[in-house]
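> Sharing a structure here in structure tokens format.
Where a number appears in this text, it was derived from the coordinates with a stated rule and is not lab data. Keep in mind the model is a prediction, meaning the values are calculated, not measured. Quick reminder, even Gly has a Cβ in these numbers, built from the backbone with ideal geometry, and neighbours come from all protein chains shown.
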Amino acid sequence: MKKYYLYLTLFGVLLMGIVISSIFSTTNGVVLKDLEQKIENLERENKELTFKLNESGSLSKIVIRVADEGFIKPGNIIYLTKVDSLAKVE
């Protein structure tokens, strides 16, 4: 009879261990899934920001922004050269 209670107690302890390890595994699975979802969201946001950065730096966008700001293409360019000083002391 004592063996029966010993086996029953051992079985109960093992069953509790299995239940507890299952709970921890499930909890870790939920945490892992949440982290994977956050990684996917960050990767998607990174792609969107990279696209916006590349788009805003494209030559066609720069030309449009320059025109909106009122810049114009120069017509007649005059280059100045270095001249000697106007007042010399001799």
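> For segment 1-70, which chymotrypsin sites (Phe, Trp or Tyr not before Pro) are both in a DSSP coil and crowded by at most 11 other Cβ atoms within 10 Å?
Counting only loop positions with at most 11 other Cβ atoms within 10 Å, none of the chymotrypsin sites (Phe, Trp or Tyr not before Pro) in segment 1-70 qualifies.
> Given springs between every Cα pair under 10 Å in a Gaussian network model of the chain, which of ASN54, ASN76, ASN46 has the largest fluctuation?
In this elastic network of the chain, the residue with the biggest mean-square fluctuation among ASN54, ASN76, ASN46 is ASN76.
> Answer with a single label: of [x] 1.73; [y] 1.05; [z] 1.54, which was calculated as Rg/Rh (Cα atoms, Kirkwood Rh) from the structure in view?
So the structure-derived entry is [x].
> Under a 10 Å cutoff between Cα atoms, tell me which one of GLY17, GLY75, GLY29 has the largest fluctuation in the Gaussian network model of the chain.
Of GLY17, GLY75, GLY29, the most mobile in the Gaussian network model is GLY75.
> Could you count how many Lys pairs in the chain have their Cα atoms under 28 Å apart, skipping same-chain pairs fewer than 8 positions apart? Mind showing how you got there, number by number?
Values: LYS33/LYS47; LYS38/LYS47; LYS38/LYS52; LYS47/LYS61; LYS52/LYS61; LYS52/LYS73; LYS61/LYS73; LYS73/LYS82.
The number of close lysine pairs in the chain is 8.
> Which one, LYS61, LYS33, LYS73, has the greatest fluctuation when you compute a Gaussian network model over the chain with C-alpha springs under 10 angstrom?
Most flexible of the set in this elastic network: LYS73.
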